[in-house]
1. Name the residues in segment 137-175 that are among the acidic types (Asp, Glu) and in a loop (DSSP other than H, G, I, E, B), would you?
2. Considering (1) modelled with pLDDT of 95 or more; (2) under 18 Å from the mean Cα position of the chain (by Cα), say which one residue 541 fails and leave the rest.
3. Against the condition out of contact with any Lys or Arg (no Cβ under 8 Å at 6 or more places or on another chain), touching a residue at least 12 places away in the same chain (Cβ under 8 Å), over 23 Å from residue 199 (Cβ atoms) and aliphatic (A, V, I, L, M), how does residue 503 come out, does it pass?
4. Could you list, in sequence order, all residues of segment 231-260 that are touching a Gly at 6+ places or on another chain (Cβ under 7 Å) and closer than 20 Å to residue 532 by Cα?
5. Go through 621, 617, 591 for me and flag whichever is surrounded by fewer than 20 Cβ atoms within 10 Å (Cβ to Cβ), at pLDDT 95 or above and out of contact with any helix residue (DSSP H, G or I) (no Cβ under 6 Å at 6 or more places or on another chain).
6. Does residue 68 meet the test of being in the same structural domain as residue 38 (by TED's automatic domain parsing), under 16 Å from residue 35 (Cα atoms) and in contact with a Lys or Arg (Cβ under 9 Å, 6 or more places away or on another chain)?
7. Out of segment 310-334, which residues are more than 21 Å from the chain's Cα centre (by Cα), buried (at least 18 other Cβ atoms within 10 Å of the Cβ) and more than 18 Å from residue 220 (Cα to Cα)?
Amino acid sequence: MIQQGESFPLGSTVCPDGVNFSLFSKNSTLVELLLFDHTDDAKPATVMALNPRWNRTYHYWHIFVPGIQAGQIYGYRAFGPSEPQHGLRFDSRKLLLDPYGKALAMPACYSRVNASVPGDNCATAMKSIVVDPTRYDWEGDIPLKRPFAKTVIYELHVRGFTRHPSSGLSHETRGTYRGLIDKIPYLQDLGVTAVELLPLFQFDEQDAPRGLVNYWGYSPISFFVPHHGYSSRKDHLGPMDEFRDMVKALHRAGIEIILDVVFNHTAEGDHAGPTLCYRGLENAAYYMLEEDRSRYADYTGTGNTLNANQPIVRRLILDSLRYWVESMHVDGFRFDLASILSRDEDGRPLKNPPILWDIESDPCLAGTKLIAEAWDAAGLYQVGSFIGDSWKEWNGQFRDDVRSFMKGDNGTVRRVARRLLGSPDLYGHKEREPEQSLNFVTCHDGFTLNDLVSYNQKHNEANGEDNRDGTDFNLSWNCGVEGPADDPSIERLRNRQVKNFLALTLLSVGAPILLMGDEVRRTQRGNNNAYCQDNDISWFDWTRLGKHADIHRFVRFLLLLRLRSTLAREASSLTLNEILCRARIDWHGIVLNRPDWNDESHSLALTAGTLDGRFLVHVIVNAYWEPLAFELPGAAKSEQGWRRLIDTCLDSPDDICDGPDAPFVPGDNYLVQPRSMVALFALRASDAK
């Protein structure tokens, strides 16, 4: 017998003798629960109308259905006024997903178009699935909670990492959670400690130009469902369990999982977009609307903006984050366009945004890595000023200043000096740990590292938008030829520039981020906005591991060097200012203690002591187009003299040397070749034998 049900918890909850359903919809006049026998059914097997007198408490519709269990397919219809001018967009002909659904059934004939035009769309609509998240054996697994001081992040795309035929995996596992599990030994060998996975909340692959697909995943449909397309399993509960298998396997390998989460917009798009879930349940609660309530405020560049500081949406975001930590064991989150979360319902920036403080202070999320992309598409830029005490930030200034300096732009030497030291101009005032700055030169959005040194202009023709999409602000330099080059001298220069960028990223103060495939010079053939390219433009081509073994070796060495350093061992207990004070940094130019801070300068050098006081490190960067002879600190500081650790101008294996194999540097000068970086080390005089 159908029962009244309970308003809490939201979503579908498996009980011993049935399932409780609960849904928020303030302005609807009637809600129907539809049960289906199969994913592709055009008609429901059962339709249950929720009685407003018995099945509604305040703004929550609820019902208990006995005799069903996990695996049941369902959806909703919401009846109410269709008055876009008042922000109401109810359409009782559309099948709606459960906002709190934990799994999803994707029909073979899913149609985004059918969800955008009048008419019934049951046959072509995604449907929710009842699941019991507690039915999984974690075998003692828990999040790793590694300090940021010991963290190296590798940003990868679950599908793109193993989809290429050269991955060596079976056709069934390529491009899946299972495929990533098979490549864990590669990640371990490389030396990364965390993977930051591009969005894998269920997204709409059809939200893309005609004939292409949404590849990156920045088009979320559900904030609780792992994307079904990344699962090698075809059963309804397969994506959830295969995702958890991946998490468990990564944890066993000592690698954390950070999810790139999109709480700033959804796949429903603008006023002409599809009705999939939120629009059809309570449009004005879930989305920011313009003064003309029929139009959506767009601070994301995608057509709509999630109303993150509205109480119902705040609860949804928090419940989602808790779910991924408690039930899915993820270690952290990178918030896409996080500055949007600081806007109120009218789009105005808030001094103390409720949702950000909710996340910051939630005890379930304590110890979870919180990373902000501290800007949005409408010009709000908060790098260095993002709210809260525990948030780390993608440092876009690091990317821009390091790129400008290495391509030879004027007026960059002072800025790049700050970036190498953890950006104290941005973060020093907060008395925070140095890893508040997450340093990167490349990421999914823009050129790969290979393309940064191979193209002056974007080449996005394959996206079907006449090369209008993607940024023109690349700060790239092609080293003399646009695209692939047969000239060995150009190829050597590009290889050198790649190593320079990698060394600056991995040796700077702060936590580094590497882009998937940069360690083998992965190319997107000049495409700097490959969001719709699910093909070899975006995939990791594993044959490049052999072609660019020297770059791969260079990255492995730098990661080993970083993670065994005293900075990694001690920095978690020190603030950025304390580290800079203890390191006692001396700046130089080609002459000792005479740094050249002029706008026309293209080189700098620094000497610093390690935190344990045993070693001196001397770093020289020459972004000039001619060789420069740099004076070295004298023997008074080191009885044994300087040893060469890195010289990016030298061919492998001489480009990196360590320990007793590191050669001594004769004389008082070091000739640094054009576009090169050199790192030397020495024992302090008191520790020399």
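The values are calculated or read from the model by the stated rules, or taken from the named source; none is laboratory data. Keep in mind that this is a model prediction, so the values were computed, not measured. Neighbour counts run over all protein chains shown; Cβ positions are idealised from the backbone, glycine included.
1. 137, 139, 141, 172, listed by residue number.
2. Among (1) modelled with pLDDT of 95 or more; (2) under 18 Å from the mean Cα position of the chain (by Cα), the lone unmet condition for residue 541 is (2).
3. Yes, satisfied.
4. Of everything in segment 231-260, just one residue is touching a Gly at 6+ places or on another chain (Cβ under 7 Å) and closer than 20 Å to residue 532 by Cα, namely 231.
5. Step by step, each of 621, 617, 591 is checked, and only 591 is surrounded by fewer than 20 Cβ atoms within 10 Å (Cβ to Cβ), at pLDDT 95 or above and out of contact with any helix residue (DSSP H, G or I) (no Cβ under 6 Å at 6 or more places or on another chain).
6. no
7. Residue satisfying the conditions is 310 alone.
Yes/no per residue for (1) in a helix (DSSP H, G or I); (2) of a type in the set (Gly, Ala, Ser); (3) modelled with pLDDT under 95:
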residue	(1), (2), (3)
222	no, yes, no
239	yes, no, no
242	yes, no, no
246	yes, no, no
263	no, no, no
266	no, no, no
